[in-house]
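Below is one structure, written out as structure tokens; comments come after it.
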Amino acid sequence: MLRLERKLMIAALGITPLLAAWAITTPMDLQPSSELWVEGMSNVRGFKCTAQAMEAEVVTTRPDAAAALKFGEKAVTSVVFRVPAGELDCKNRQMNEHMQKALKSGANPTIAFELGTYELLDTSGKLRAKLAGTLSLGGVTKPITVDAELVQEAEGGLRVKGVYDLRMTDFGLKAPSLMMGTMKVQDLVKVNFDLVLKN
């Protein structure tokens, strides 16, 4: 009996360092050069609203996550990305007010994307990812899939770029209108992102 207990103790001691290694997580920080902007059209002209603030919580399994992704390792374990709805600037005070109303930013101040799963794809020498997760917008949370290009940057950085076609009505939102309704924004807008992350 003592011999069995000794074997179990030795095995447990051998496994402990491995478990500790698996438990180690390394965050990636969103860099100041990151950008997110929304482009749309109205029956009068196009518009562009830029996020003046954003934050990301990205957890990886290793400090060289960008390089690991390039070689097909899923080194990113979780992602939560947030944009304050009130920080979208359309460079026009009236448009800003109507956009905030359309997004219901008073009751729902945060737009958030949370990653569920992802697939790494190597297409024509470029690393791409299909990101599946949930988007919370205007008080509604729905599953979405986003295609992104992943680019390894200098000093361990990772650039994540892409465009997501968003229909506001999918989230129960009514596109804004201005000038007594004579200028109406189309339901479909394009969410562009160019995010730089670094361990």
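Okay, here's what the table says:
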{"quantity": "Long-range Cα-Cα pairs in the chain (distance over 23 Å), rounded percent", "calculated": "52 percent"}
{"quantity": "Links that overshoot a 30 Å alpha carbon limit, given the list K104/K198; K74/K101; K91/K126; K74/K190; K48/K198", "calculated": "K104/K198; K74/K101; K91/K126"}
{"quantity": "For the stretch 26-198, size of Cβ-based charge dipole, Lys and Arg +1, Asp and Glu -1, in debye", "calculated": "580 debye"}
{"quantity": "Relative contact order of the stretch 26-198, pairs being alpha-carbon contacts under 8 Å that are 6 or more residues apart, as %", "calculated": "26 percent"}
{"quantity": "Options Q152, V38, N96, ranked by Cα towards positive dipole end of the stretch 21-157, top entry (Cβ charges)", "calculated": "N96"}
{"quantity": "Likely footprinting exposure, F171, F71, F81, fewest C-beta neighbours within 10 Å first", "calculated": "F71, F171, F81"}
{"quantity": "Segments 120-131, 48-59 sorted - mean Cβ within 10 Å per residue, highest first", "calculated": "48-59, 120-131"}
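Just so you know, all these numbers are worked out from the coordinates, no wet-lab data involved. This structure is a prediction, so every number in the text was calculated from the model and none was measured. Cβ: placed from backbone, ideal geometry, glycine included. Neighbour counts: every protein chain shown.
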